[in-house]
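Visitor: Following this message is one structure expressed as structure tokens.
The values are calculated or read from the model by the stated rules, or taken from the named source; none is laboratory data. Here the structure is a predicted model, which is why all the values come from computation and not from measurement. Cβ coordinates were reconstructed from backbone atoms using ideal geometry, including for glycine residues, and neighbour counts include every protein chain displayed.
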Amino acid sequence: MATTTSENPLNDPAVDPFEVARDAAAVIADRSGIEHHDIALTLGSGWAKAADLLGETVSEVPATEVPGFSASAVVGHTGTLRSVRMPDGRHALVIGARTHYYEGHGVRRVVHNVRTAAATGASIMVLTNGAGGIKEHWKPGTPVLISDHINLTADSPLEGATFVDLTDLYAARLRAVAKEIDPTLDEGVYTQFRGPQYETWAEVRMARTIGGDIVGMSTALEAIAARQAGMEVLGFSLITNLAAGIQKEPLSHAEVLQAGKDAEPVIADLLARVVAAL
Ligand code: 8IG
């Protein structure tokens, strides 16, 4: 089995990333006693509290003890993989450890959360993030459904001539369920920039011109990997700030974290109710 600590097996180009994901799933099954998870969630900035509302926590494993994962680089990301038994008997895998593309560890490390989720049996992948909003009427603290994405990283989790269809990537079926739970939910196109710098005003204007509504630094690459794995994807952005130039003041990470904190109880409740209905 691949080792987990300083040397991440995903850094070795000769290692099959899907095998590392199977190793990770085996550790989760062993530690939780749950052989099959039904649904998986990656909780980004602002969304962590949802984990407590989904059901009964069966086990919680530090990400550093699961092959291919690493400690979270961002304050506010919890760094565990939690197995939750939902009231209806289904099992959710809650992944609080996201590797961002801007960390520079390569796409295999970025999408390992999704591939591990698929290897645990999950057929639905819920991807959440904190992001900037391009639509002026989205006040900080607004949750938005992701309707589609624009991948501006110029990278892909797919290796070689692996042609994957992305039609209906953010499943209309799942978005309809979410809107039944909260009919006021708005939708938008998520634009993934490399980061970690926030956008210039000109880049935000470009994103808007090409059809983007949300700017962020995650999710699109993960969604592609989820589709490759045959999962259905549901995406949520918490708008924690208006994108540069849409809002007049400069962006501060502290401000972004505060807006996330304030919205946390509301969006946690929303996400838990949506997941229960999927
Ligand atoms: I939270 O304004 C958060 N994440 N790219 N732009 C990008 N990512 C973000 C932003 C933002 N806010």
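Visitor: When the residues of region 111-130 are narrowed to those that are part of a strand (DSSP E or B) and aliphatic (A, V, I, L, M), which ends up surrounded by the fewest Cβ atoms within 10 Å (Cβ to Cβ)?
Guide: Quick first cut of region 111-130, residues part of a strand (DSSP E or B) only: 124-130.
Subset that is aliphatic (A, V, I, L, M): 124-127.
Values: 124: 21, 125: 28, 126: 29, 127: 29.
Restricting to residues being part of a strand (DSSP E or B) and aliphatic (A, V, I, L, M), the top hit is 124.
Visitor: Only one of 46, 104, 76 is at pLDDT below 90, under 26 Å from residue 193 (Cβ atoms) and surrounded by fewer than 19 Cβ atoms within 10 Å (Cβ to Cβ); which?
Guide: Checking each option against the conditions leaves just 76.
Visitor: Only one of (1) within 26 Å of residue 114 (Cβ to Cβ); (2) part of a helix (DSSP H, G or I); (3) acidic (Asp, Glu) fails for residue 203. Which number is that?
Guide: (1)
Visitor: Which count do you get for residues in region 136-186 that are in a loop (DSSP other than H, G, I, E, B), at pLDDT 95 or above and closer than 22 Å to residue 47 by Cα?
Guide: 6
Visitor: Considering only residues that are within 17 Å of residue 113 (Cα to Cα) and among the charged types (D, E, K, R), which ones fall in region 7-30? Step through it out loud before you land on a result.
Guide: From region 7-30, those within 17 Å of residue 113 (Cα to Cα) are 8-11, 15-29; that's our starting set.
Passing the criteria: 16, 19, 22, 23.
Visitor: For region 162-202, give me each residue that is within 16 Å of the ligand (Cβ to nearest atom) and either within 17 Å of residue 129 (Cα to Cα) or touching a Leu at 6+ places or on another chain (Cβ under 9 Å) (or both).
Guide: Correct list: 188, 189, 190, 191, 192, 193, 194, 195, 196, 197, 198, 199.
One line per residue, one yes/no per condition, for (1) more than 13 Å from residue 43 (Cβ to Cβ); (2) touching a His at 6+ places or on another chain (Cβ under 7 Å); (3) within 15 Å of the ligand (Cβ to nearest atom):
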| site | (1), (2), (3) |
| --- | --- |
| 226 | yes, no, no |
| 233 | yes, no, no |
| 238 | no, no, yes |
| 243 | yes, no, yes |
| 246 | yes, no, yes |
| 258 | yes, no, yes |
| 264 | no, no, yes |
| 271 | no, no, no |
| 277 | yes, no, no |
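Visitor: Would you check if there is a residue in region 124-132 being within 16 Å of the ligand (Cβ to nearest atom), touching a residue at least 12 places away in the same chain (Cβ under 8 Å) and either in contact with an Asp or Glu (Cβ under 6 Å, 6 or more places away or on another chain) or more than 27 Å from residue 188 (Cα to Cα) (or both)?
Guide: yes
Visitor: Then there is this: Of all residues in region 131-175, which are closer than 13 Å to residue 223 by Cα, among the β-branched types (Val, Ile, Thr) and crowded, with 21+ Cβ neighbours inside 10 Å?
Guide: 146, the sole residue that qualifies.
Visitor: Take the residues of region 187-223 that are touching a helix residue (DSSP H, G or I) at 6+ places or on another chain (Cβ under 7 Å) and of a type in the set (S, T, N, Q): which is surrounded by the fewest Cβ atoms within 10 Å (Cβ to Cβ)?
Guide: 192
Visitor: Now, a different point. List the pairs whose first member sits in region 238-255 and is closer than 14 Å to residue 205 by Cβ and outside any loop (DSSP other than H, G, I, E, B), whose second member is modelled with pLDDT of 75 or more and within 6 Å of the ligand (Cβ to nearest atom), and whose Cβ atoms are under 6 Å apart, counting only residues at least 6 apart or on separate chains?
Guide: As it stands, the answer is 244/198; 244/199, since those pairs meet every condition given.
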